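See structure below.
The values are calculated or read from the model by the stated rules, or taken from the named source; none is laboratory data. As the structure is a computational prediction, the values presented were derived from the model and not from experiment. Neighbour counts are summed over all protein chains in view; Cβ atoms, including those assigned to glycine, are modelled from backbone coordinates with ideal geometry.
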Amino acid sequence: MGGWVDWEYIYHSREDMMEIIPHEVRDLYKGKVFRLSKERLTLPNGVTATLEIIRHPGAAAIVPLLDDHRVVMIKQYRHAVGQFIWEVPAGTLNPGESPIECARRELPEEVGYRAHSFRALGEIFPVPGYSDEHIHIFVATGLIPDRQNLDEDEVLDVKPIPLEEALEMVKRGEIRDAKTIIALFFMTLKMK
């Protein structure tokens with residue numbers, strides 16, 4: 001498989017990246033969510049490297065906050081790690097979909113709530129060593145019960161947990177999902 005990368009888009013406003021010299025990009029795999037590409041380039045230090053990069057459309061994660069300061073969490077089966085893990089609801093951006101549109105779509109789908117208000121908390125690169133995925137994190141408030149509409153491959157339970165208890169679960173190692181830990185941390189920063 002051959003591939004093409006818009007290097008101007010990837011490095012569009014990064015003056016420190018102008019020393020990167022791309023040589024070749026090949027798509028090794030294209031799935032329904034991401035692409036795996038092999039990219040040969042010269043780094044700013046003059047070394048030519050071949051990197052395997054996962055190209056991802058991005059995602060939105062939501063901290064659904066009930067009026068009593070409980071966070072609507074999910075315990076979802078994740079086959080890649082072979083277990084159920086605690087998470088905040090999240091989803092991959094569809095083509096042409098903005099991060100806020102994704103958050104509005106995913107919230108009722110996964111936990112059965114709509115929100116009166118969404119506020120951006122921040123953005124993260126969860127695994128920048130091998131992927132360009134970026135996750136936009138929002139807090140959703142003014143929650144209103146709605147119909148849950150899970151994808152057929154989603155196996156999860158929904159449980160509201162007091163924010164302070166969720167933070168204790170992080171300390172005890174019960175919440176290990178990176179986006180969830182960061183989303184909860186962002187919440188503590190925004191509440192101060």
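Can you say whether SER131 is polar (S, T, N, Q) and touching a Lys or Arg at 6+ places or on another chain (Cβ under 9 Å), as far as the supplied structure shows?
Judged against the criteria, SER131 is a match.
Quick one: in segment 157-182, which of the residues that are touching a Leu at 6+ places or on another chain (Cβ under 7 Å) and touching a residue at least 24 places away in the same chain (Cβ under 8 Å) is nearest to ASP68 (Cα to Cα)?
Here the residue is PRO160.
Please find, among TYR113, TYR130, the residue that is on the phi < 0 side of the Ramachandran plot, at pLDDT 95 or above and in contact with a Pro (Cβ under 9 Å, 6 or more places away or on another chain).
Among TYR113, TYR130, only TYR113 is on the phi < 0 side of the Ramachandran plot, at pLDDT 95 or above and in contact with a Pro (Cβ under 9 Å, 6 or more places away or on another chain).
Restricting to segment 99-134, name every residue that is closer than 25 Å to LEU150 by Cβ and acidic (Asp, Glu).
GLU101, GLU106, GLU109, GLU110, GLU133
Can you name the number of the only condition in (1) under 26 Å from THR188 (Cα atoms); (2) aliphatic (A, V, I, L, M); (3) over 14 Å from the mean Cα position of the chain (by Cα) that ALA120 fails?
Failed condition: (3).
Step by step: first the residues of segment 143-191, then only those that are closer than 13 Å to ILE62 by Cβ and over 17 Å from the mean Cα position of the chain (by Cα), then the one that is surrounded by the fewest Cβ atoms within 10 Å (Cβ to Cβ). Which residue is that?
Looking at residues that are closer than 13 Å to ILE62 by Cβ and over 17 Å from the mean Cα position of the chain (by Cα), I get VAL158.
Out of all the residues in segment 81-104, which are under 30 Å from LEU41 (Cα atoms) and not polar (S, T, N, Q)?
Listed by number, the residues that qualify are LEU93, PRO95, GLY96.
List the helices (runs of 4 or more DSSP H) that sit entirely inside segment 80-192 and contain at least 2 residues that are of a type outside the set (A, V, I, L, M) and touching a Phe, Trp or Tyr at 6+ places or on another chain (Cβ under 9 Å).
99-111
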